[in-house]
1. What do you reckon, is residue 93 closer than 29 Å to residue 110 by Cα, small (Gly, Ala, Ser) and in contact (Cβ under 8 Å) with a residue 40 or more places away in the chain?
2. For region 26-43, does any single residue satisfy the condition of being farther than 20 Å from residue 4 by Cβ and either out of contact with any Cys (no Cβ under 6 Å at 6 or more places or on another chain) or modelled with pLDDT under 85 (or both)?
3. Just to be sure before I move on: is residue 71 of a type in the set (A, V, I, L, M, F, W, C) and more than 28 Å from residue 2 (Cα to Cα) in the structure I sent?
4. Can you pull out the helices (runs of 4 or more DSSP H) entirely within region 30-114 that have at least 2 residues that are touching a Gly at 6+ places or on another chain (Cβ under 9 Å) and open to solvent by less than 70 Å² (accessible area, probe 1.4 Å)?
5. Run residue 2 past the list (1) of a type in the set (Val, Ile, Thr); (2) surrounded by 15 or more Cβ atoms within 10 Å (Cβ to Cβ); (3) modelled with pLDDT of 85 or more and report the number of the one that doesn't hold.
6. Taking the options 87, 51, 27, 14, name whichever one is in contact (Cβ under 8 Å) with a residue 60 or more places away in the chain and among the hydroxyl-bearing types (Ser, Thr, Tyr).
7. Can residue 100 be described as touching a Cys at 6+ places or on another chain (Cβ under 8 Å) and free of Cβ contacts under 8 Å to residues at least 40 places away in the same chain?
Amino acid sequence: MVCYLGGIGHAPGYPLFTALCQQVVPYFPLSVIAGNLLSSIFGSLACVIFYKCLRLLSLDALTALTAALVFGFCGTMWAQSIIIEVYSLAVLGFVTCWLLLLFWVSGKGASYLY
């Protein structure tokens, strides 16, 4: 209902997820579908960025792809990515920070640290 009507769901509120979900709702008849789709998109993007992190750590493409798929299809990640929850967004934020840190460590510039 928060995605459809606006507002804050509970004390922390997760305002970023709520704001993004409200932008997706007009394209779907049911707000539940929009929220589930948004969570699955965040989970998928997290797996893609996880793959890129593994490739930067000098793993071969097949090993990195296998690890990213295992990560994406593990029970916890899968369960949180197919329902309206903010955990897939949190994982996306974590792996994005990890990717930026790997860019910085590899000497691609201090701008990645900021």
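1. Values: closer than 29 Å to residue 110 by Cα: yes; small (Gly, Ala, Ser): yes; in contact (Cβ under 8 Å) with a residue 40 or more places away in the chain: no.
It is false that residue 93 is closer than 29 Å to residue 110 by Cα, small (Gly, Ala, Ser) and in contact (Cβ under 8 Å) with a residue 40 or more places away in the chain.
2. Yes, some residue in region 26-43 is farther than 20 Å from residue 4 by Cβ and either out of contact with any Cys (no Cβ under 6 Å at 6 or more places or on another chain) or modelled with pLDDT under 85 (or both).
3. yes
4. 31-56, 75-81, 87-105
5. Evaluating residue 2 over (1) of a type in the set (Val, Ile, Thr); (2) surrounded by 15 or more Cβ atoms within 10 Å (Cβ to Cβ); (3) modelled with pLDDT of 85 or more leaves (3) as the failure.
6. On the way: 87 fails: in contact (Cβ under 8 Å) with a residue 60 or more places away in the chain; 51 fails: in contact (Cβ under 8 Å) with a residue 60 or more places away in the chain; 27 fails: in contact (Cβ under 8 Å) with a residue 60 or more places away in the chain.
One residue alone meets the criteria, 14.
7. The answer is no for residue 100.
The values are calculated or read from the model by the stated rules, or taken from the named source; none is laboratory data. Just so it is clear, the structure is predicted and the values come from calculations on it, not from any experiment. Every residue, glycine as well, gets a Cβ built from its backbone with ideal geometry; the counts of neighbours run over all protein chains shown. Keep in mind that these areas ignore ligands, DNA and RNA; they rest on the heavy atoms of the full protein, side chains included. Shrake-Rupley method; radii C 1.70, N 1.55, O 1.52, S 1.80 Å.
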